[in-house]
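Trainee: Shown below is the structure under consideration.
The values are calculated or read from the model by the stated rules, or taken from the named source; none is laboratory data. This one's a predicted model, so the numbers in the text were calculated from it and none came from an experiment. In this analysis, Cβ positions are derived from the backbone assuming ideal geometry, glycine residues included, and neighbour counts consider all displayed protein chains.
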Amino acid sequence: MSDASTVLSIKGLTLEATIRQGSIFPVTDAHVSVRPGEIVGLVGESGSGKTLTALSALSLLPSNIRRTAGTIEVVGRDTGAMDEHELSSLRGSAAAMVFQDSLSSLNPSMTIGKQVAEAVRIHQDIDRAQANELALTALDQVGFPQAKQRFDSYPHQLSGGLRQRVAIAMAIVNRPSLLIADEPTTALDVTVQAQILELLRSLVTELGMGVLLITHDLGVIATTADRVNVMYGGRTVEELPVLDAFTTMRHPYTEALVASAPTLTDTLDVVLHGIPGSPPDPRSPEPGCPFAPRCSYATDVCSTTPPPLVRTDSSALACYHPVGAHV
Ligand code: SF4
């Protein structure tokens, strides 16, 4: 049965990748939900499965990776039951994606106005003049300065921040219900980063879309997201409202992530707490909780069976010995 209250619903996602040495499972139990009008931050270390989970949502996985379990619904539609034509029409209309590197997502030989207008004409049966009008509106909406005068600029003539605004304009020009933003500000300096995050926030309010924001930066999450989804070793380990993520987190990995993030009030003599050990290697999977080798709360049970994700009203947790439950 479809979940009409979400614009994205991923449950029990497992992905198998074929590599030279055989098969590996980079994602083994991912769960993500995004409702209209909210920003959900997807966080975790490199290799935790964040980007593959997000790419799965729009069926944009590399050809050597396939879904072997789980369900994905975008705006209430099961993407597993859609053919390539239906998926193409979904991408860019009901759901869109913004990537980290705007330079590679824009065509260097086409003016920015034409690129945004093309995104309209792929999905809407309108003439060139109407498409240009919508493109201009989208560029204005993302705060692109002097959009009319710079409509015929090429991507290389723009700064990184302006290119990212063009990429966002292309993504929102067809008024998607779901926007997936994969590290959209990582390549930008901090002042431009703040402007882009503020823009995302205002577009959510204005258009009512849901946003899945992938980042490794907890500062970005703290200032931008409504809820946080924490992934580790290809699994969703915790979901919670953003304020709780920094105060009453229950998963030992979330606790360690927060403790290892610098804050503005830290002085130079503050020692940051790194997480000892390394993330799990999907080429040599271990039974049990993937965080067990690095977890100071682990007991024998943690190393034998992975903890299931248990959901409550506003949160979800996969851990046998949550933070705060120890005597
Ligand atoms: S299940 Fe065990 S090893 Fe995993 S995070 Fe919880 S306490 Fe640590």
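Trainee: Within the stretch 190-202, identify whether any single residue is at negative phi and of a type in the set (Lys, Arg), and answer yes or no.
Mentor: Looking for residues that are at negative phi and of a type in the set (Lys, Arg), one finds at least one in the stretch 190-202, hence yes.
Trainee: Evaluate the following for Ala169: is it among the aliphatic types (A, V, I, L, M), in contact (Cβ under 8 Å) with a residue 40 or more places away in the chain and either in contact with a strand residue (DSSP E or B) (Cβ under 7 Å, 6 or more places away or on another chain) or surrounded by fewer than 18 Cβ atoms within 10 Å (Cβ to Cβ) (or both)?
Mentor: No, not satisfied.
Trainee: Restricting the stretch 289-307 to residues that are within 23 Å of Glu16 (Cα to Cα) and either modelled with pLDDT under 95 or touching a Gly at 6+ places or on another chain (Cβ under 8 Å) (or both), which is nearest to the ligand (Cβ to nearest atom)?
Mentor: It comes out as Phe291.
Trainee: On to the next question. Sort out which residues of the stretch 300-327 are of a type in the set (Ser, Thr, Tyr) and either in contact with a Ser or Thr (Cβ under 9 Å, 6 or more places away or on another chain) or not in a loop (DSSP other than H, G, I, E, B) (or both), and write them in order of number. Don't jump to the end; show me each part of the working.
Mentor: Step one: of the stretch 300-327, the residues of a type in the set (Ser, Thr, Tyr) are 303-305, 312, 314-315, 320.
Once the filter is applied, which keeps residues that are of a type in the set (Ser, Thr, Tyr) and either in contact with a Ser or Thr (Cβ under 9 Å, 6 or more places away or on another chain) or not in a loop (DSSP other than H, G, I, E, B) (or both), the stretch 300-327 yields Ser303, Tyr320.
Trainee: Residue by residue through the stretch 274-288, note down the ones that are closer than 25 Å to Ile10 by Cβ and either touching a Lys or Arg at 6+ places or on another chain (Cβ under 9 Å) or more than 10 Å from the ligand (Cβ to nearest atom) (or both).
Mentor: Restricting attention to the stretch 274-288, the residues satisfying the condition of being closer than 25 Å to Ile10 by Cβ are 279-283, 285-288.
Within the stretch 274-288, Pro279, Pro280, Asp281, Pro282, Arg283, Pro285, Glu286, Pro287 meet the criteria.
Trainee: Now for a different question. Taking the stretch 230-254 only, how many residues are away from the ligand (no atom under 16 Å from the Cβ) and surrounded by 23 or more Cβ atoms within 10 Å (Cβ to Cβ)?
Mentor: 0
Trainee: Any idea which of Glu38, Glu16 is in contact with a Ser or Thr (Cβ under 6 Å, 6 or more places away or on another chain) and assigned by TED's automatic domain parsing to the domain that holds Val310?
Mentor: Selected residue: Glu16, the only one of Glu38, Glu16 that is in contact with a Ser or Thr (Cβ under 6 Å, 6 or more places away or on another chain) and assigned by TED's automatic domain parsing to the domain that holds Val310.
Trainee: Tell me which of these Arg91 doesn't satisfy, since it passes every other one: (1) among the basic types (Lys, Arg); (2) within 30 Å of Lys148 (Cβ to Cβ); (3) in contact with a Gly (Cβ under 7 Å, 6 or more places away or on another chain).
Mentor: Among (1) among the basic types (Lys, Arg); (2) within 30 Å of Lys148 (Cβ to Cβ); (3) in contact with a Gly (Cβ under 7 Å, 6 or more places away or on another chain), Arg91 violates only (3).
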